[in-house]
Structure formats: structure tokens, C-alpha cells
Amino acid sequence: MKTSKLIVIFGVIVVLGLLVYFPGRKLARAHVNEITAVTDHPLSCTSCHVYISQNKLISKMVNADYLSPLNMAVSNDGSKLYVVAQDINELIVVDVEKSEVLNKIKVGVHPHSVILNEDGSIAYVSNQWSDNVSVIDLAASIVVDTLKTGNGPSGLSISTNGKFLYVVNTFGSDLSVIDLATKEEKKRLTTGKDPTGTELSPDGNVLYVTSRRANFTHYGEPLICDMTLVNANTQKVIKYTPIESAHIMENIAFTPSGDLAMMTLVRPKNLIPTLQVEGGWMMNHGVGIIEQKNEGKVVQLLLDEPNAYYPDPFDIVITPDGKKAFVSSSGVDRISVISIDSIRTILAESSPEKLKNFSNNLGISSRFVIKRIATGANPKGLALSPNGKRLYVAEQLEDKIAIINTESLETIGSINLGGPIRITVARKGRRLFNNAGHTFQNQYACYTCHPDEHEDGLVYNMAGKDMGRNMTNTQSLREIGETAPFKWNGKNQTVYKQDGMRFSTVLTRTEQFSYKDLDAIVSYIMTGIKYPPNLLYNPNGELTESQLRGKVLFDRSMDNFGNNIPENNRCITCHPPPLYTNLELADVSTLATTDDPILFDIPHLNNIYSSAPYLHDGRAETLEEIWTVYGQDDKHGFVNDMTKIQLNDLVEYLKSFRGPEYENSDSSIQQASTYKSN
Amino acid sequence: MLKNVLIKYSKFATIAGVIFVAVSLGFNLKGQHSSDLNSFFADTLSTQDNTEGLPARNSDGADLNNNINAMPIYGNWRNFTSKEGLPDDKTYCVKIDGERVLVGTHEGLAVFEKGKWRTYTTKEGLAHNGVLAIDVSELTGDVWLGTMGGLTRWSAGKFENFTQLNSGLPNDLIYSVICDGKDVWVATGGGAGQYDTYTKRWEIFTEQNAPMHEPWTYGVCEGDGKIFIAAWGGGVVEYNKKTKKFRDYVDPDGNMEIDLFPDDGVVHDITTGTSWADGYLWVATYFGLSRYDGVHWKGYFDHDSGLASNFINYIIAQGPIAFICTDKGLSTTNGKNWVTYTKNDMDKNGKAVIIEGTEETELVMSPSISHNYVLGVDVKDNVIWVATSKGISRGELLK
């Protein structure tokens, strides 16, 4: 063939290619812009068609089942480690010396904590998503019994006589006292909100139970979070110690002498505008100290430093000699090492006024934090060897256990639990979600306001760009993939937009996420966050009589007097199943004087029972108040013809809503199933 | 034809009239007889907290197994009013809780502990200052307070309020509250309510779903695996906890203010309280007292028993003894014998009238109970506390 012909053919191909490329690219750009609701996202097909795909085959290929170790217990001789692997529903038995996994024991759904009996022969594992405790014969490595608990069991403790198991029920906000002889729940005590950690005082007389949520307050009032004290002899609550301006108290530990109880906590500054981030301390993180003398005086000390924060403190352990405390600062992948003698000095030398001021003092940590030890991703549960010389750290998003020498304060080893080697995009997103590295001064991670990927129950002043102050009730992130638009004002049509440029402008005050990181975090949020089962109000899909009556009211088109209810004022119109939102905006007559004039995004209602307070600014403490206090003009559904029994029925029905996954499940029992953990 | 019919019905009317007159006379004579007896015995004995000659009884005033007919007698009264530290003289209810005593007043909850009174009001977190009912959970130690503005859980110093606006509570006006294991029951102005402290669920019972005349309920108690609700105009509504079924006990005579046929059922449909103990259901009304043993009803009135008044505000039974709070004093009975405590109109003294069988004795009390309008009572071991419209009284078991 002549060269000229080749040139012509090549030229034609180039022209055709250009003819396809430019319009094609334009079309692709328009497509991506539409899908992501932003104009700057790279033209990457995988972003949407792979990473957030709902196709089961694709999802299975791109994701992986990680272990996600959360909490641990050490055998009495120190040779074995029992690790709760939350995402595979197993207790992993580890040989510490050989750094190898010996066994994996299947337990209940979404296990949380593990504790051993006095002789170390039995392990109790709390299963947060199946409302029970697995009793494991460790010699045989089998589950020999299952104890029923309250809703969402987490922290565990055993009475000094070994007769009672205390189980903290996070979702139910109470404490189950289980008689280990009869294996039955003897009683249930009311605790603070969303309790998790628990520890018996060294003398065995008082059980302390932490709370993660503050008590309900209207915006503007300071937070109070309860530390619940239970008399272990009478098994009755003796005190709710108010911990002021703090929440997310995950865990607690006692010094061996019993003079101090120390708990982790977060101090949110939700009463100042979020634009304050660059001014520092939008969020603070620290420890609370409850002196056992001085009538249980409470002091809060920050772990943060002026230009470096240590967010999301999770666990705390104290060495047997009472000299050091270790705190897992899970938002920055660090272990903060505390000199307890230094804390004792601070307590002894400081006036009450000074001690009170220390709760907001960013410099105080230099007086008692003696080292920050780097760990793998997202350190959570901590455990000390019986002699106190080794600290084990559950690296939740690393699927490893770090080993730290408690004298040299150096990491001396790592135990690989055998999770997937590759890091999927969603897993990377989960790491980003839990890490504060993208926030100015590391002040907080996504997790800080969305603990357990849910919400923290607080209202923040989002300081709108118009005249409004825009009080905003934190929204849950559980299974929001199909519920766009996002934010209460519905201005973010996608998570790409929500977590893109605007996110860094308003919340993190740093560089925006790279597009790879943005893809990762969107992938995790869109696909990796599941609803817990609704075991309290709808355990098996069979509605109660009251809920069935409530459904009739929810679906109704006529009021009690036979009058037609306008279509746009029926519950079912704006909140149709399965998401219980029509994805539109509406005016339900709740606009406050502090709000910019907007319509509100109609929220989805699945697992609504666990998302108090309600309405966009959290003004309604309970579902009832939406109508009894804030819905008297019948603009938020037509309800004022209802009797009290009918309103109760309607509320009961609303509380029965659960994730679509459970509704579509073949099994009538919620198992929260087998999803890729990420 | 018409004439025959008239003659026939006039005969029936005559017979019915004779029967009615005879029954009425019988009642009047019976009442008169009782009254005469009372005045006769009133003159025979008058002592001042002197228990000499009274039947011996064991240390537990309410548990008299050795002598089922013996009645505990209380004396050595000590009275407390706002002068002594109560927030208000008007007291509605009282509950002994271990070493402390909880008193519901019109101006808050008063707690007597280590010889001192302390008051808790809405400032501390109470739902409403008018505290009408108190119970303490044996399981948790939580105190449940029925107020005029909602239900309050007082747990280890922390107040948590349930109202008709923020919860499934039927109504904010709470006349009665009891703890039954993990459940809390309330009798309210808008029906009875059951709160399951484990599941956090409320269930409401009104005339819409239970055999009540209207939703106004005054009292609730537990016994024999059942919940008994005193329903205004509806007699007693029994709720079987196992079957979750209702049945009601109403006055066979209807709403008449006299008990036309004695012992045929609860004496009146307007009931103000119930209490179950020792196999007996005691029912208080504004028109007399009833006792039900599961088969037979027995009525008691001020004219034919030692009952201080037919106007009964509250009742509580412990063992074989019922403690009955009326507008004219406090009565106690085991169904046979009676002791009624009253205060003189003009001074602080009063008396206990003791009726054992046909014998009546009087014991002078100095001082006596704080006031004759009695609204609440609680008894534990050898001590009795009585809530009245003018202060609260503490008495001790005599002898």
C-alpha cells in the first residue's frame, strides 16, 4: 500500500476518533456531573459503577470481609489473647508467644466485648446485634450457652463472687444483671444514655457504667452525660454522676489502689459556630477522673495539644503498679501514655477553680502525657498482660494486634489476625472516615460526630452563609445510599458533593479530599454502613397489634370523622416505604427564626427509634413531641384528630421501621447477616 | 281487657311495694342498731394510749397469724406539718422506703430521712409539685411518682419525666402508681397505663379497649397474677397478666347510692381504690367498702361496721389487714374487727375506736392523727404513716 493511502486512512481514523472523543467526552462529563452533582469529579467510570455498585457480583469482587478486632481479654497466664472480631462475628483465640491464631469461635451477631471468669475457663462475649451473650467453654472452644440480655449488649463485668454477670445494654440504655446460676436476667437497671463501658471498683462494691450520649437538652443548654454508679451488693443504682460538657465516654478503668477512676471522653463545643474550627477546639478529647475521696469529685483533663488533637479516645487501661494509663486515641492512630502520678500531683496541687479550668486547657496534657505511640489504623480495645509488661492494641482497621512494651513504650511486635491483605476502596474509605487526619489540627474525624457511623444526638450551629444560625441535628449515616438529597436543606444531591469542596470549606478547614480519597469515603458511606437490627421494636417482621393499628393510621386517607385528608398531608405520601421518604423537600411548619428560609429534606425513617432527638434542629425529644408539641397546626401530617391511643399506635408503628435488608430477608429473624464488612 | 291487665299489674306492683318497704325498713333498723351500739360502747372505756387490757399481739402489726382476729393498734402519734418542715400541710400520699419516708404533698415531694425533711419540686426536676401517688420498685429501687403533671422516675437522685406529650403516658393527671416487676402501672385521668421498663413501651387501657365506663381511673393494684383497676363509674376492671384478658366487677344495683341488695357485688361503680392481699381484693368507693374473696363479695358501711366513713379516699391491704383512708378518719379492719382513728375537732387529741365482735372500746390518743381527712397511708414493721389534709402523722404499734 502506498504511503499516501496509509496517511489518508490514518487521517480518517483520527478525524473519526476526534469526532467521537469530543462529543463523547462531553457526554461523559455531563453524565458524571449529573451523577456526582459536582463539576470537577474525574471521568472515572469505576467511581460509580464499581465502588458503589449495588450489583452483588461486582460488590463481592471489589469488597472483602475484614475482621475488625474491637475488644480483647488476656488469659490468666498471659499466653492467650481472646479477640472480638466484630465484622465476622467471631472470637479469635491467639497464641501470644507464637503470634498466631489458634482458633476462631463463632459467636452472635456484631460482638462487642469479651470477659473471662475468675479461673479463666469461661469467656462471655456480648453480641450487640443479637441481644445476647455467648458463653464459651475455652478448653473446648465452643459456645456452650447463650444468655439473653437487653438491647445492644456491649460492656461486661462479673461480680467479685462470680455469681452475677453485668451486661451494659447500649441501645436500651440499661444494665442487665444476669444470675449465672439460673442463667436468667434478674433485673435491669436504668443507666445513662447509650452506655458502653463498665468497671467494678477494686473493692468490688461499686460498678461504674459510662454513657456515650448526653441527656437531652434544648440547644443552648450545656451538656450533661451520666456516669452511672451501681451498688454491687444491693444491685441498685446509687448515683448518676453528672459529667458536664462531655459525652462519648467509651470506657473506664480504676487504679489498682482504687483512688481514681478514669474514663475517656469527648468535649464537643457544639454551642459555638462550626466556623470556629480554625480557631481551635471545636472538639476536645480527654479523660475524666473521678476521685474516690472528695465525694467523687470529677476532673476533666484534655489529651489534646494546642496544635495537635487526639480524637476519639476509646479504651483506657492502667498498669498493675498504678503508674501508667494507656488511652487509644483511635482518630489519630496513637496510644497516649499517661503518668498517673503526674495526674495525682495535678489534683493535689491545684485549686478547684484551676482544676475546672483545666477541662478546656490545651496545654495541660504536657504535664501528664509522657508519650504518643504510633499504631496501625484505628486502635480500639486495649488489654494488658497479667504482669502489666505488655500492652495489646486492637487495630480495628488493620486486622492486627499491636504489642507494646509498657516500660520502654516501644512497639515490639504485631500479630496478624489473618484478615484480607488487600485494602479495598471501601476499606480505605472507612479508614478515612475514622481518621482525623483530614481535619484542621486533627480536631475530629467523621466518626467523632457520627459514632458507629450513626449520629451523636447533638445539635450544632452550622452558621449558615445567609442570616440564619442553622441549628442542625446530626443525621445518621446508616444506609443513606438511596436517600439523596442530603443535609436537612437537601442542597447536596450526592455524597460526592457532601464530602467534596464544601465539606472542607465548612467542616474540615483543610485541603479537600483527593478524588481517590473522595471515591473511597463515598464508597464506604454508600455501601458499607448497615443498620443494626431493630430487635427492640420489630425483631421478626411480625407487627404487634398496636403497630398494625398504627400502620392503618400511617396509610390512612380519611380522618376519624370521615373527612378526606389532603394527599400531601398524609404520612404515606411523604414517607413511602421502603425508605420512608419520597426524597422531596417539604415545609412542615418547623422553620425556626434562626433558620435560613428553606424547605426541609424529608428524612428517611428506617430505625427512626434510635435517632432521637427529632426534627431538623433536634427540638423534639421524642417522636411524640413532633406532633404533641411541634405539630399542632397539622402541617406535619394530619394527626390532631387522633386519640392518645391512636398516637401511641402511630408512634409504635414508626418505631417498627427497620432496614430494607431485613424486610427483604428470607429469614424471619433478623441476623444482620452477611454483608461485606469493609 | 284493659281492666284485667290493670288488675294483674296492680297486684304485682303491690307485692313489689311491700318487699321494697320491708327491705328499706330492715336497712334503717340495722343502721340504727349499729349506731346505738357504737354510742353505748363509746361510754364504757376511755384511756389515754393505755394499752392495758387490750389483746396481746405480735411485733408485726400487719401480720397476725397467731390470732387472725387480732387487730394492730397504733399510737404514740407524732405529727408533721409545714411548721415541722413539710413543704405544705396538704399531703396526698406516703410511702415508707427503707430508712426514709416519702410524702407526696401539694408543693412537692417531701423526704423524711435521719430526722430531717427535704423537699424536691419542679426546680429539681419533678414533673409537677402536686404528688398524688408514690411507689418504689423492689427490683431497682427507683421511686415512681404520680403527679398532677406527669409521671416521674426518681432514680438515685435523677428525675426523669414521662408526660402525655413526650411519651405514651395516657394522661398527666396520675392518681395511682404501682411497680409490678419490670412494669409500672398508672391510673390516670385518661385511662390506665402500663409501662414496660425493659421494652420502653406504653399500653393504654380506656373505655375504647377495656370494660370501663369512661377513661377516668383512680386506683390500680396487683395481686394473684392480675391487675385491678379502680375505674370511675366502671367498678373494678381486672386484667389477667397471663391471658391479657379483661373482666369487670360492677355494682349489680347500678349507680344507686344505697346498696340495695347486700353483698351482691362491689358496693358502687364509682371506685376510688383497690388493694389485694391475702387472697382478698379490697375495693374503696365513695359509698362504702367492699371485699371480694374470689367468690363472695362483702360490703361494709359506716352504719353497719367500724368504718369511719363511706367516703373512702384510698385503701391499702397488708396481710389480713386493710387500712382505709376516709374523710372522717383512718379505719383498719380484718373484715371482722375494726380500729378507727380520729381526731377531735377542737384540739390535737383524738381516739381509736376498737371493735372486736360486738365489743367496742375506745382508746384516747394524745395527740391523735393530724387530721380526719385522710388521703394516704403506709405501714412497715411497727410503724404507720398517715397522710392527711393537714400534715402527716407517724404512729407506732402499741404493745
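The values are calculated or read from the model by the stated rules, or taken from the named source; none is laboratory data. Note that this is a predicted model, so its numbers are computed, not measured. Virtual Cβ from ideal backbone geometry, glycine too; neighbours counted across all protein chains shown.
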ask   = For region A:469-488, what are the residues that are assigned to a loop (DSSP other than H, G, I, E, B) and either surrounded by fewer than 20 Cβ atoms within 10 Å (Cβ to Cβ) or β-branched (Val, Ile, Thr) (or both)?
value = A:Arg469, A:Thr474, A:Ile480, A:Gly481, A:Glu482, A:Thr483, A:Ala484, A:Pro485, A:Lys487
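Return the residues of region A:540-578 that are touching a Leu at 6+ places or on another chain (Cβ under 8 Å) and hydrophobic (A, V, I, L, M, F, W, C); say none if nothing qualifies.
The answer is A:Leu553, A:Phe554, A:Cys571.
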request  = Kindly indicate whether any position in region B:264-279 is within 14 Å of another protein chain (Cβ to nearest Cβ) and closer than 26 Å to B:Gly329 by Cα.
outcome  = no
query = Out of region A:535-584, which residues are on the phi > 0 side of the Ramachandran plot and not hydroxyl-bearing (Ser, Thr, Tyr)?
reply = A:Gly541, A:Gly562, A:Leu583
query = What do you reckon, is A:Leu397 aliphatic (A, V, I, L, M), assigned to a loop (DSSP other than H, G, I, E, B) and closer than 25 Å to A:Ser610 by Cα?
reply = no
query = Pick from region B:172-192 the residues that are surrounded by fewer than 24 Cβ atoms within 10 Å (Cβ to Cβ) and within 10 Å of chain A (Cβ to nearest Cβ): which of them is farthest from the chain's Cα centre (by Cα)?
reply = B:Lys182
ask   = Which residue out of B:Thr197, B:Thr206, B:Thr140, B:Thr147 is more than 9 Å from every other protein chain (Cβ to nearest Cβ), surrounded by 17 or more Cβ atoms within 10 Å (Cβ to Cβ) and among the hydroxyl-bearing types (Ser, Thr, Tyr)?
value = B:Thr147
request  = Just give me the residues in region B:150-171 being more than 7 Å from chain A (Cβ to nearest Cβ) and closer than 27 Å to A:Val167 by Cα, in sequence order.
outcome  = B:Thr152, B:Arg153, B:Trp154, B:Phe159, B:Glu160, B:Asn161, B:Phe162
task = Would you check which residues across region A:225-238 are more than 8 Å from chain B (Cβ to nearest Cβ) and surrounded by fewer than 19 Cβ atoms within 10 Å (Cβ to Cβ) and list them?
result = A:Asn231, A:Asn233
query = Say we look at region A:140-171 and pick out the residues that are over 16 Å from A:Leu207 (Cα atoms) and in contact (Cβ under 8 Å) with a residue 60 or more places away in the chain; which of these is surrounded by the fewest Cβ atoms within 10 Å (Cβ to Cβ)?
reply = A:Phe171
ask   = Which residues, taken from region A:576-621, are small (Gly, Ala, Ser) and touching a residue at least 24 places away in the same chain (Cβ under 8 Å)?
value = A:Ser589, A:Ala592, A:Ser610, A:Ser611, A:Ala612, A:Gly618
message = Just to be sure I understand, how many residues within region B:283-304 are at pLDDT 95 or above, of a type in the set (Gly, Ala, Ser) and more than 12 Å from the chain's Cα centre (by Cα)?
response = 1
Top-ranked residue of region A:339-376 - restricted to ones that are within 30 Å of A:Glu398 (Cα to Cα) and free of Cβ contacts under 8 Å to residues at least 60 places away in the same chain, ranked as surrounded by the fewest Cβ atoms within 10 Å (Cβ to Cβ) = A:Ala374
request  = Name, by its number, the condition in (1) assigned to a loop (DSSP other than H, G, I, E, B); (2) of a type in the set (A, V, I, L, M); (3) in contact with a Leu (Cβ under 7 Å, 6 or more places away or on another chain); (4) under 25 Å from B:Gly193 (Cβ atoms) that does not hold for A:Ala612.
outcome  = (3)
query = Do the conditions hold for B:Ile369, that is, is it within 16 Å of B:Pro72 (Cβ to Cβ), assigned to a loop (DSSP other than H, G, I, E, B) and out of contact with any Gly (no Cβ under 6 Å at 6 or more places or on another chain)?
reply = yes
note = How many residues of region A:607-637 are away from chain B (no Cβ under 11 Å) and surrounded by fewer than 19 Cβ atoms within 10 Å (Cβ to Cβ)? The answer is 3
query = Does B:Val220 satisfy being within 13 Å of another protein chain (Cβ to nearest Cβ), free of Cβ contacts under 8 Å to residues at least 60 places away in the same chain and either within 17 Å of the chain's Cα centre (by Cα) or closer than 18 Å to B:Val103 by Cα (or both)?
reply = no
ask   = Quick check: anything in region A:153-176 closer than 17 Å to A:Ser385 by Cα and either outside any loop (DSSP other than H, G, I, E, B) or not acidic (Asp, Glu) (or both)?
value = no
key: Test set (1) within 15 Å of B:Val186 (Cβ to Cβ); (2) within 14 Å of chain A (Cβ to nearest Cβ) - B:Ile134 fails condition number   = (2)
request  = Identify, from the list A:Tyr82, A:Tyr66, the residue that is at pLDDT 90 or above and touching a helix residue (DSSP H, G or I) at 6+ places or on another chain (Cβ under 7 Å).
outcome  = A:Tyr66
note = Scanning region A:522-552 for residues that are of a type in the set (A, V, I, L, M) and surrounded by 19 or more Cβ atoms within 10 Å (Cβ to Cβ), the one nearest to the other protein chains (Cβ to nearest Cβ) turns out to be A:Leu536
ask   = Quick one: is A:Ser176 within 13 Å of another protein chain (Cβ to nearest Cβ), hydroxyl-bearing (Ser, Thr, Tyr) and touching a Gly at 6+ places or on another chain (Cβ under 8 Å)?
value = yes
query = Any idea which of A:Gly322, A:Gly331 is in a loop (DSSP other than H, G, I, E, B) and over 21 Å from the mean Cα position of the chain (by Cα)?
reply = A:Gly322
remark   = With criteria (1) in a loop (DSSP other than H, G, I, E, B); (2) over 23 Å from the mean Cα position of the chain (by Cα); (3) at negative phi, A:Gly388 comes up short on (3)
query = Going by the structure shown, is A:Thr182 within 30 Å of A:Asn461 (Cα to Cα) and either more than 10 Å from chain B (Cβ to nearest Cβ) or among the aliphatic types (A, V, I, L, M) (or both)?
reply = no
query = Of the conditions (1) part of a strand (DSSP E or B); (2) under 26 Å from A:Pro352 (Cβ atoms); (3) of a type in the set (Asp, Glu), A:Asp315 fails just one. Which one is it?
reply = (2)
ask   = Residue check, A:Gly78 against (1) within 21 Å of A:Asp137 (Cα to Cα); (2) touching a Pro at 6+ places or on another chain (Cβ under 7 Å); (3) crowded, with 20+ Cβ neighbours inside 10 Å, all met but one. Which one?
value = (3)
